[in-house]
Amino acid sequence: MDIRENIANTNDAVISIRGLCKAFGSNKVLDDFNMNLQKGQSKVVLGRSGSGKSVLIKCIIGLLTPEAGAINVFGQNVLNISQEELDEIRVKIGFLFQSNALYDSMTVRENLEFPMRRHSIRLSEKEANERVVEALKNVGLEHTIDMMPSELSGGMKKRIALARTLILKPDIILYDEPTTGLDPITGREITTLIKEIQHKYQTSSIIISHDMKCVKNTADSIALLLNGKCYTEGTYSELAMSDDPNVKQFFE
Amino acid sequence: MKPDKPAKQLQAFFDEAGRIARFTGWYFRQAIRPRYEFKELIRQCFIIGYQSLGLVVLTGFIMGLVLTMQLRPTLVDYGVESQIPAMVAIAVVREIGPVITALIFAGKIGSSIGAELGSMRVTEQIDAMEVSGTNPYKYLVVTRVTAATLMLPILVLLSDTISLYGAYLGVNIKTVTSPDLFIWQVFDVLDFTDLMPAFIKTFFFGFAVGMIGCYKGYNSTKGTEGVGRSANSAVVLSSVMIFIIDLLVVQVTDIMGFN
């Protein structure tokens, strides 16, 4: 089935992860991990540093290959598909990298145009330019269009990276620690921007974070990753009131 | 020292050699399959060739001039001063030109590729490329290795020419030799067996510099410290590889009767 039909037919889980296992040498990072992401839902994966949160979303996007399990995105198991099919799914998934991953040798415009050109999105020069301007407007940085990444501040780089993530109008966005390394004010601005984008584009999101302010403001549901497993799930208020010491430590 | 340390070092050496061989094997598989990154290849040819131009011209000129000045006293003692152009031509075209230019190229381009790809790896730019529907090996490695392989022979030809011009000026410091006579003496002694093996080996030098620079950068780890280490080891390893390839080429051309 074509991916567009799959997206149209998906009413509930856009991502379904079953029995995911990933190890680096003898270090088991994910061990029988299970989780669902519903359409339009914003799910935060909470866990300690090194617990495997980033590994999880890198497995979803196909940057890492797990040893076992299944990751169904729009009904297709991304672990059993061809490179072409994976690329087709990647058009529908935006990924915001922790380090922004802006290409140093390209201007902001070229950074934003890169995913469109590489995914062979057929747009006229005018349409491509309009998309770049629209993405930059969404993050309030139209004036940086011809600047190099080295000329931008940390917060601006994060916004540009977010604009690049939006350029293909994805259905799902994976955020890898979006507020890490930013000052509290910029962190708050990025959190607000994430909420605005979710509202405007009706995207489903997985947010990796341990910034509890960001978690509180963005999460419809929180999954706690502990010892490679999804330890528990719930809303912010449900988990905040939990008596379980493993859960409580994140909310104190 | 632990008794098993040499064994572990030997195993690490062979592990690394195996990884480089596999990385090189990917190049041949990826280079022949579409999609072809012609635009990026041309951009890399321009960057790699243009970046090295000034340095290659300067070192080539000094190489020819100094070689002539150093040879003169000995040849004067033997009464064969007139053979300076021929001796410099043989030395520059067969050996010194390709090797010195390749070493300069390794220092300039090998380190630049190692640092650039290393920095892209640790800042997740290579991952971002993959997510953007791009095969990063094809886009970054195949283009750079091919550009290095194609550009070094051109740079060596340029360096050899500039070296001979330096040698001409060197000859004319103490005596007067016309350009016509100098050129006649140079080309009288050079033939096909001098030019071709020396020219062909520069493709291998260029390939080794590009491949090792890319390998070290592409597999960079441990943050900014790792980037520095990648750039450094790219230069060291590609310089050693240049001498190893040179040694092999001399043996092969000797067996084929070119020497």
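How would you rank A:C230, B:C214, going from fewest to most other Cβ atoms within 10 Å of each one's own Cβ? Display every interim value, and only then the final one.
Working: A:C230 20, B:C214 27.
Ordered by Cβ neighbours within 10 Å, fewest first: A:C230, B:C214.
When only Cα pairs under 8 Å and 6 or more residues apart are kept, what is the percent relative contact order across the range A:174-252?
Numbers: 81 pairs, mean separation 18.8, N = 79.
Relative contact order, the range A:174-252: 24 percent.
Nearest 500 deg cm²/dmol is fine: what mean residue ellipticity at 222 nm does chain A get from its DSSP H runs of n ≥ 4 alone, each adding -39,500 (n - 2.57), divided by its residue count?
-11500 deg cm²/dmol, from helical runs alone.
Treating only the Cβ of Lys, Arg, Asp and Glu as charged (+1, +1, -1, -1), what charge dipole size does chain B show about its Cα centre? Round to the nearest 20 debye.
The calculated dipole for chain B is roughly 980 debye.
Please give the average number of partner chain Cβ atoms lying within 10 Å of the Cβ of each residue in A:108-114, rounded to a whole number.
The shielding value for this peptide is 1.
Assigning unit charges at the beta carbon (Lys, Arg +1; Asp, Glu -1) and nothing else, what dipole magnitude in debye, to the nearest 20, does the protein assembly as shown show about its Cα centre?
In total the dipole reaches around 620 debye.
So which trypsin sites (Lys or Arg not before Pro) in the range B:172-235 pass both tests, a DSSP loop state and at most 13 other Cβ atoms within 10 Å of the Cβ? Don't skip to the end; give the middle numbers.
Numbers: sites: B:K174, B:K201, B:K216, B:K222, B:R229; in loops: B:K222.
When the trypsin sites (Lys or Arg not before Pro) of the range B:172-235 are filtered for loop state and at most 13 Cβ neighbours within 10 Å, B:K222 remain.
Give me the percent relative contact order of chain A, please, defined on Cα pairs under 8 angstrom at least 6 residues apart.
26 percent.
Distance cut-off 25 Å, Cα to Cα: go down the list B:K8/B:K138; A:K43/A:K158; A:K169/B:K216; B:K108/B:K174 and report the pairs above it. Working shown, then result.
Working: B:K8/B:K138 33 Å; A:K43/A:K158 20 Å; A:K169/B:K216 35 Å; B:K108/B:K174 35 Å.
As for pairs spanning more than 25 Å Cα to Cα, those are B:K8/B:K138; A:K169/B:K216; B:K108/B:K174.
Taking the number of other C-beta atoms within 10 Å as the exposure measure, put A:H143, A:H119 in order starting with the fewest.
A:H143, A:H119
In a shell of Cβ-Cβ distance under 14 Å around B:T59, excluding B:T59 itself, what net charge do Lys and Arg (+1) and Asp and Glu (-1) give?
0
Using a 10 Å cut-off around each Cβ, can you sort A:R118, A:R48, A:R159 from fewest to most neighbouring Cβ atoms?
Details: A:R118 18, A:R48 12, A:R159 23.
Lowest count first: A:R48, A:R118, A:R159.
Which percent, to the nearest 5, of DSSP beta bridges fully inside chain A are antiparallel?
55 percent
With an 8 Å cut-off on Cα pairs and a minimum separation of 6 or more residues, tell me the relative contact order of the range B:37-255 in percent.
Taking the mean separation of contacting Cα pairs over the length of the range B:37-255, I get 36 percent.
Need one value for A:91-98: mean number of C-beta atoms belonging to other chains within 10 Å of its residues' C-beta atoms.
Neighbouring Cβ atoms belonging to other protein chains average 2 per residue here.
Just for the protein assembly as shown, what percent of DSSP beta bridges are antiparallel, to the closest 5?
55 percent
Computed from the coordinates by the stated procedures, all read-outs in this text should not be read as laboratory data. Note that the coordinates shown come from a computational prediction; the quantities given were computed from them, not determined experimentally. Every residue, glycine among them, receives a Cβ derived from its backbone with ideal geometry; neighbour counts consider all protein chains shown.
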